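The values are calculated or read from the model by the stated rules, or taken from the named source; none is laboratory data. Computed from a prediction, not measured in an experiment: that's the story for all the values here. Neighbour counts are summed over all protein chains in view; Cβ atoms, including those assigned to glycine, are modelled from backbone coordinates with ideal geometry. Heavy atoms of the whole protein, side chains included, go into the accessibility calculation; ligands, DNA and RNA do not. Shrake-Rupley method; radii C 1.70, N 1.55, O 1.52, S 1.80 Å.
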Amino acid sequence: MAGALMHRFTDWFLPAVPAARLAVFRVIIYAFVLIDVFLMSNDVVNHGYKPDFYQPTLLPRLLGLPPVSVWGAHTLQVLLVVFCVLGAIGIAQRIPTVGVAVCFWLWMMYSQGYGYVAHDHMALMFAVLLIPTAGVIAFSDFRPDRRAGWVLRIVQICVVLTYFYSVLMKWIASGSLIRWANGAVFVWAIMRRGSVFIRWTFEYPGLLIAAQWALLIVEILTPVALFVKGRILYAIVIFFCLFHLATYLSLGIHFLPTVVCWAAFLPLERLLPAYRRHTAPEAEVASA
C-alpha cells in the first residue's frame, strides 16, 4: 500500500512529460524576462542613483549584497539579453540558463530592495532558477523526461501558491476571512485606481461583496489545477487569464509574471512543427 502511494506521488511530483515541452517553456520565460527587465521591473537602473534608500530583503542581507550601481545595473541588463537569447535558442544551454538564473535573481533582489516587494514574480523567479536543473533540452526531443516534468511541476505549484497564499495574507491582515469578504476592499481599490469599466459597480454594493466572496473561493480552490487534466485544466488556465485581463482593464493590475507561468500547465510541445511527425496519436493524448 505504501509503495503504491509513493509510486503515485512520484508520478505526480515527477511527471514524465515530453522534454520539448520544457524547451518551449524556456523560450516563453526568457522572452518575458527581457520584457520584465526593460518594461516592468525597469527601476533597477534608477535605484543605482539612490544607494542610500537600499533596504535589502532577507536573502540579499544574508548574502551581504551591496547596493547596486548604475553601471552594475546596466551590466546586468546586457548579460540578461545575451543569456536569454542564447538560452532561448538553445546554444550552449548550461551556461546561459545558469546565467539567466543568477542575473535575474540579482536584478529582482535589487528591484524589490527599495521598499516594495511584488509577489506576482514568485513563479517566474522559480522558473528561471529551476530550468538549468533539467540539463540540455532540445526542441526535437519528445521523449518522456522526468527532469523536465519536475521543473514544470514546481512552477505549477508556485503559480497555485501565489493565489493560495494570498488567502492567508487576507486572513492575517483582516483577522478573519469572513470579515475580509464582507468588507470594503473592492470599494477601496476602485476608488484608488478604478477605470470607467468598473466604477459603475459603486451603485451595487451587494455585487462587490459577492465578487469578494467569489474571489476568495476561487483562490482557495486554486490547488485543484494541480490535479486535473484536459479540458478542465485548459478551462482553469483560460479563466485565470481572463480574470487578470479583467483586473487590468478595471484596476490597471496586470499580474503578467504569474500569467505567463500558467503556460507550465499546457502541452507546449504541440506548438512545434516536428510534433506531428514524431508523436503518435495515442501519445498526444497521454502527454496532455
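Just the residues that are surrounded by fewer than 23 Cβ atoms within 10 Å (Cβ to Cβ) and in a helix (DSSP H, G or I), please, taken from region 81-91.
VAL81, VAL82, VAL85, LEU86, ALA88, ILE89
Do we find that TRP150 is free of Cβ contacts under 8 Å to residues at least 60 places away in the same chain and open to solvent by 40 Å² or more (accessible area, probe 1.4 Å) in this structure?
When the stated conditions are applied, TRP150 does not pass them.
So which residues in region 204-226 are open to solvent by 30 Å² or more (accessible area, probe 1.4 Å) and in contact (Cβ under 8 Å) with a residue 60 or more places away in the chain?
PRO223
If VAL136 passes every condition in (1) of a type outside the set (S, T, N, Q); (2) in a helix (DSSP H, G or I); (3) open to solvent by 50 Å² or more (accessible area, probe 1.4 Å) but one, which one does it miss?
VAL136 satisfies all of (1) of a type outside the set (S, T, N, Q); (2) in a helix (DSSP H, G or I); (3) open to solvent by 50 Å² or more (accessible area, probe 1.4 Å) except (2).
Given ARG21, ARG94, which one is under 25 Å from the mean Cα position of the chain (by Cα) and surrounded by 14 or more Cβ atoms within 10 Å (Cβ to Cβ)?
Residue meeting the stated conditions: ARG21.
Can you tell me which residues in region 155-169 are closer than 21 Å to VAL259 by Cβ and open to solvent by 30 Å² or more (accessible area, probe 1.4 Å)?
Listed by number, the residues that qualify are ILE157, LEU161, PHE164, TYR165, MET169.
Can you pull out every residue in region 52-71 that is crowded, with 16+ Cβ neighbours inside 10 Å and free of Cβ contacts under 8 Å to residues at least 60 places away in the same chain?
Correct list: PRO56, PRO60, LEU65, PRO67, VAL68.
Tell me whether region 42-51 contains one or more residues that are of a type in the set (S, T, N, Q), part of a loop (DSSP other than H, G, I, E, B) and touching a residue at least 12 places away in the same chain (Cβ under 8 Å).
Scanning region 42-51 turns up no residue that is of a type in the set (S, T, N, Q), part of a loop (DSSP other than H, G, I, E, B) and touching a residue at least 12 places away in the same chain (Cβ under 8 Å).
Test each condition in (1) open to solvent by 30 Å² or more (accessible area, probe 1.4 Å); (2) modelled with pLDDT under 95; (3) farther than 18 Å from HIS119 by Cα for ILE253 and report the one that comes out false.
Of everything listed in (1) open to solvent by 30 Å² or more (accessible area, probe 1.4 Å); (2) modelled with pLDDT under 95; (3) farther than 18 Å from HIS119 by Cα, ILE253 misses just condition (3).
Given the conditions (1) within 15 Å of ILE28 (Cα to Cα); (2) at pLDDT 95 or above; (3) surrounded by fewer than 17 Cβ atoms within 10 Å (Cβ to Cβ), report the number of the one that TRP105 does not fulfil.
Status for TRP105: all satisfied but (1).
Table: residues versus (1) basic (Lys, Arg); (2) open to solvent by 30 Å² or more (accessible area, probe 1.4 Å); (3) in contact with a Lys or Arg (Cβ under 9 Å, 6 or more places away or on another chain).
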{"residue": "TYR110", "(1), (2), (3)": "no, no, no"}
{"residue": "HIS121", "(1), (2), (3)": "no, no, no"}
{"residue": "ILE131", "(1), (2), (3)": "no, no, yes"}
{"residue": "SER174", "(1), (2), (3)": "no, no, no"}
{"residue": "GLY183", "(1), (2), (3)": "no, no, no"}
{"residue": "ARG199", "(1), (2), (3)": "yes, yes, no"}
{"residue": "PHE202", "(1), (2), (3)": "no, yes, no"}
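Quick one: LEU76 ticks every box in (1) touching a residue at least 40 places away in the same chain (Cβ under 8 Å); (2) of a type in the set (A, V, I, L, M); (3) part of a helix (DSSP H, G or I); (4) open to solvent by less than 20 Å² (accessible area, probe 1.4 Å) except a single one, so which number is it?
(1)
Mind checking which pairs have a first residue in region 79-95 that is closer than 16 Å to ILE28 by Cβ and a second that is of a type in the set (Phe, Trp, Tyr) and part of a helix (DSSP H, G or I), Cβ under 6 Å, 6 or more apart or different chains?
Listed by first residue and then by second, the contacts come to CYS84/TYR30; GLY87/TYR30; ALA88/TYR30.
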